[in-house]
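Chemist: Structure below; questions to follow.
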Amino acid sequence: MKNTEEQKQYHILVVEDDVPTLEAIGHKLSTAGFVIESATDGQTALGRLQGGAYDGVLLDLRMPVRDGFWFLEEKNKDPSVVSCPVVIFTNLAGEEQLRRALDLGVRGYLKKSKHSIQEIVDEVRTCMETGKCRIDY
Amino acid sequence: MDPFLALLPFASVSTLIPFRSAGFFLAGIAAAGIGLLLLRYTSFWFSGTDAAKLQKRLRESVNLLNAVMYSMDEGLIVVSRDYKIVLVNRVAGIMLRTAPADLAGLDIRRALGFVKGERNPISFELPLEPVIEHGEIIILKALDEGIYAKDKNGKLFPVSLFLASLIVEGKRQGAVITFTDITEEKRLNEARVSFISIASHQLHTPLTGIRWFVEMLLDGDAGALTEEQRNFTDRIYEGTTRMIDLVNLLLQIARVEAGRVIVDPRPLDFKKLLEDVIMSMKPQIEKKKHIISLRVSSQDVPHVPLDKDIMWQAAQNLIDNAVRYSYPGTEIVISLAFDAKKQKFICSVQDHGIGIPREQQNRMFQKFYRADNAIKYVPEGSGLGLNLVKQLVEDWGGAIWFESQEGEGSTFFFTVPLIGMKPRQGDVRLIT
């Protein structure tokens, strides 16, 4: 178990529409010392992002109402939040989606099916701490 | 003048354009047209009845060919050597929303517009020069090429094109273009592609959730587990992993079948790839105490342009099968031979395992099919691996087959042509 007092507490906004997945990743990130807030669609997420101070966003792509791409486009228009790093976590396969996300300025791109939950948490931590964020091709 | 001469163009043209029926018909029409011209200018050389008979025969030919042109399902356009539209059939006119007569005599390069690419369409010129000047035959399948024709109103529709040279009496006289509107085909393909994409997400989502919660249980995130709890949870995890693997395999097959998979061929050290695959399977190999032998027929194995993921998947599937269906402690021999004469590689994977019963051998490449002894020996197999490998192999122009004896073992063979794989754009990699 990591000593969470020594580490900076990163505030992460987790955006995911599937409740079990959100619960799992939320629980694991909290246990690992992250401060988590969540949203289940792009619209709510944008509101949260603009209203708070986050170190990063863990973003799903396929969501109802407004999806991850919409969120990214809107975020990029807002100078107050444009620079907040985003790590995509998705099950969407496809070069098109990856390219589009990278064009919209995401730092990391994780394919959920490729990683254990601990690996996801580790990747988020590495991304926040070092700026080196994994891209799953 | 021998009346037979008038029919000679007909015969010579039909032998010189062997390919498509449209080309033949068109050639026939052109020949009949020339025949008619010959008739008009030479008829005074014949006796009255000869000329009348010839005229009748030619008129019948022309009528027949006109009827065929009218009933044809494809659009047909003929251009002369100087790119002037000479002939347009009814269907072409319908597709282009123009009366065929309105196009007659126009330069095709100005009269018709084509574009390439869906998202950012750029103007596309039909490659008529190599066809007209050099007798090339060019086939442009729209699902691959993304070519659209413009109708009179400027509306785009996707087309599949066929261009061939028009040769009359041994001389190049222009080009024959046949084309079909493949809007329906495209729509079906897009529906299939989007189904795969949605299904992919839908299936993966609950599976990811289950997997992650089980991992958290095993990590002790909900408290320490008793031995029995751990044992049960391990079983759940195994089941989940099997389901995830099965879904991934199904999706791979679906992608391959939909033609979505990117083929990115680069010069590949085939021998090294096989070594890497074997290395990646070390745990399973050691567990069953197998001896793996890799035999390469000659030291100088050329580096052929191959897509690494696709090659990996094919080789890995066959070697994995060999390991799984082998009796413990037996030898598995992987051979790589280069047949210079036939311009291909032959790779084989030989095991000394359960083999395949003779009466079940003919179904081995069917989806989900598993031989009875295989089901007993390896209960968790999916029955999809060989189907995928067969599709991959045939996609790259190779052949796959096997020899097997129940209780003794199997040897699977596949070939790779020396020219390697052709690149394909696709939108997803095979291994994601």
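The values are calculated or read from the model by the stated rules, or taken from the named source; none is laboratory data. What you are looking at is a predicted structure, and each value in this text was computed from that prediction instead of being measured. Every residue, glycine among them, receives a Cβ derived from its backbone with ideal geometry; neighbour counts consider all protein chains shown. Side chains are part of the model used for accessible areas, which takes the heavy atoms of the whole protein and leaves out ligands, DNA and RNA. Shrake-Rupley method; radii C 1.70, N 1.55, O 1.52, S 1.80 Å.
Chemist: Could you check the stretch B:234-252 and list, in sequence order, the residues that are within 14 Å of another protein chain (Cβ to nearest Cβ) and either over 32 Å from the mean Cα position of the chain (by Cα) or of a type outside the set (D, E, K, R) (or both)?
Modeler: B:Y237, B:T240, B:T241, B:M243, B:I244, B:L246, B:V247, B:N248, B:L249, B:L250, B:L251, B:Q252
Chemist: Could you tell me which residue of the stretch A:7-21 is farthest from the other protein chains (Cβ to nearest Cβ), considering only residues that are crowded, with 20+ Cβ neighbours inside 10 Å and of a type in the set (A, V, I, L, M)?
Modeler: So, considering only residues that are crowded, with 20+ Cβ neighbours inside 10 Å and of a type in the set (A, V, I, L, M), the one farthest from the other protein chains (Cβ to nearest Cβ) is A:L13.
Chemist: Going through the stretch B:368-394 one residue at a time, which ones are open to solvent by less than 80 Å² (accessible area, probe 1.4 Å), touching a helix residue (DSSP H, G or I) at 6+ places or on another chain (Cβ under 8 Å) and not in a helix (DSSP H, G or I)?
Modeler: B:Y369, B:A371, B:V378, B:G381, B:S382, B:L384
Chemist: Let me ask something else. Would you check which residues across the stretch B:399-432 are open to solvent by less than 40 Å² (accessible area, probe 1.4 Å) and within 14 Å of chain A (Cβ to nearest Cβ) and list them?
Modeler: B:G426, B:V428, B:L430
Chemist: Residues being open to solvent by 20 Å² or more (accessible area, probe 1.4 Å), out of contact with any Gly (no Cβ under 8 Å at 6 or more places or on another chain) and not hydroxyl-bearing (S, T, Y): count how many of those fall in the stretch B:312-355.
Modeler: 14
Chemist: Also: Taking the stretch A:52-68 as the search range and keeping residues that are away from chain B (no Cβ under 14 Å) and among the hydrophobic types (A, V, I, L, M, F, W, C), which one is farthest from A:D103 (Cα to Cα)?
Modeler: Step one: of the stretch A:52-68, the residues away from chain B (no Cβ under 14 Å) are A:52-57, A:59, A:65-66.
Subsequent filtering for residues that are among the hydrophobic types (A, V, I, L, M, F, W, C) retains A:53, A:57, A:59, A:65.
Values: A:A53: 24, A:V57: 17, A:L59: 15, A:V65: 22 Å.
This residue is A:A53.
Chemist: Might you let me know whether the stretch B:263-280 holds any residue that is among the basic types (K, R), farther than 22 Å from B:G409 by Cα, within 14 Å of chain A (Cβ to nearest Cβ) and assigned to a helix (DSSP H, G or I)?
Modeler: No, because not a single residue in the stretch B:263-280 is among the basic types (K, R), farther than 22 Å from B:G409 by Cα, within 14 Å of chain A (Cβ to nearest Cβ) and assigned to a helix (DSSP H, G or I).
Chemist: Can you name the number of the only condition in (1) of a type in the set (D, E, K, R); (2) part of a helix (DSSP H, G or I); (3) crowded, with 17+ Cβ neighbours inside 10 Å that A:R100 fails?
Modeler: Status for A:R100: all satisfied but (3).
Chemist: Hey, A:S38 hits all of (1) under 26 Å from B:L251 (Cα atoms); (2) open to solvent by 10 Å² or more (accessible area, probe 1.4 Å); (3) not β-branched (V, I, T) but one; which does it fall short on?
Modeler: (1)
Chemist: Given the options B:E380, B:E403, name the one that is under 19 Å from B:I319 (Cβ atoms), free of Cβ contacts under 8 Å to residues at least 60 places away in the same chain and acidic (D, E).
Modeler: The unique qualifying residue is B:E403.
Chemist: Now for a different question. Quick one: which strands (runs of 3 or more DSSP E) sit completely within the stretch B:81-141 and have at least 2 residues that are hydrophobic (A, V, I, L, M, F, W, C) and closer than 30 Å to B:G259 by Cβ?
Modeler: B:114-116, B:122-124, B:138-140
Chemist: Could you list, in sequence order, the residues of the stretch B:379-432 that are in contact with a Cys (Cβ under 6 Å, 6 or more places away or on another chain) and of a type in the set (S, T, Y)?
Modeler: Listed by number, the list is empty, since nothing qualifies.
Chemist: Out of curiosity, is A:K77 more than 16 Å from A:G56 (Cα to Cα), more than 14 Å from every other protein chain (Cβ to nearest Cβ) and not hydrophobic (A, V, I, L, M, F, W, C)?
Modeler: It is true that A:K77 is more than 16 Å from A:G56 (Cα to Cα), more than 14 Å from every other protein chain (Cβ to nearest Cβ) and not hydrophobic (A, V, I, L, M, F, W, C).
Chemist: Still on this structure, I have one more. Here are some conditions: (1) hydrophobic (A, V, I, L, M, F, W, C); (2) more than 11 Å from chain A (Cβ to nearest Cβ); (3) open to solvent by less than 60 Å² (accessible area, probe 1.4 Å). B:V214 meets all but one. Which one does it not meet?
Modeler: It fails just one condition, (2).
Chemist: Any residue at all in the stretch A:26-33 that's more than 14 Å from every other protein chain (Cβ to nearest Cβ), in contact with a helix residue (DSSP H, G or I) (Cβ under 9 Å, 6 or more places away or on another chain) and in a loop (DSSP other than H, G, I, E, B)?
Modeler: So far as the stretch A:26-33 goes, no, none of its residues is more than 14 Å from every other protein chain (Cβ to nearest Cβ), in contact with a helix residue (DSSP H, G or I) (Cβ under 9 Å, 6 or more places away or on another chain) and in a loop (DSSP other than H, G, I, E, B).
Chemist: Would you call A:A45 free of Cβ contacts under 8 Å to residues at least 40 places away in the same chain and closer than 19 Å to B:Q202 by Cβ?
Modeler: On the way: free of Cβ contacts under 8 Å to residues at least 40 places away in the same chain: yes; closer than 19 Å to B:Q202 by Cβ: no.
When the stated conditions are applied, A:A45 does not pass them.
Chemist: May I pose another question? Return the residues of the stretch B:143-161 that are in contact with a Lys or Arg (Cβ under 7 Å, 6 or more places away or on another chain), surrounded by 20 or more Cβ atoms within 10 Å (Cβ to Cβ) and among the hydrophobic types (A, V, I, L, M, F, W, C); say none if nothing qualifies.
Modeler: Result: B:I147, single match.
Chemist: Going residue by residue through the stretch A:114-121, is there one that turns out to be more than 20 Å from B:L203 (Cα to Cα), more than 14 Å from every other protein chain (Cβ to nearest Cβ) and surrounded by 16 or more Cβ atoms within 10 Å (Cβ to Cβ)?
Modeler: no
Chemist: Taking the condition within 14 Å of chain A (Cβ to nearest Cβ), free of Cβ contacts under 8 Å to residues at least 12 places away in the same chain and open to solvent by less than 70 Å² (accessible area, probe 1.4 Å), does B:G209 pass?
Modeler: Against the criterion (within 14 Å of chain A (Cβ to nearest Cβ), free of Cβ contacts under 8 Å to residues at least 12 places away in the same chain and open to solvent by less than 70 Å² (accessible area, probe 1.4 Å)), B:G209 qualifies.
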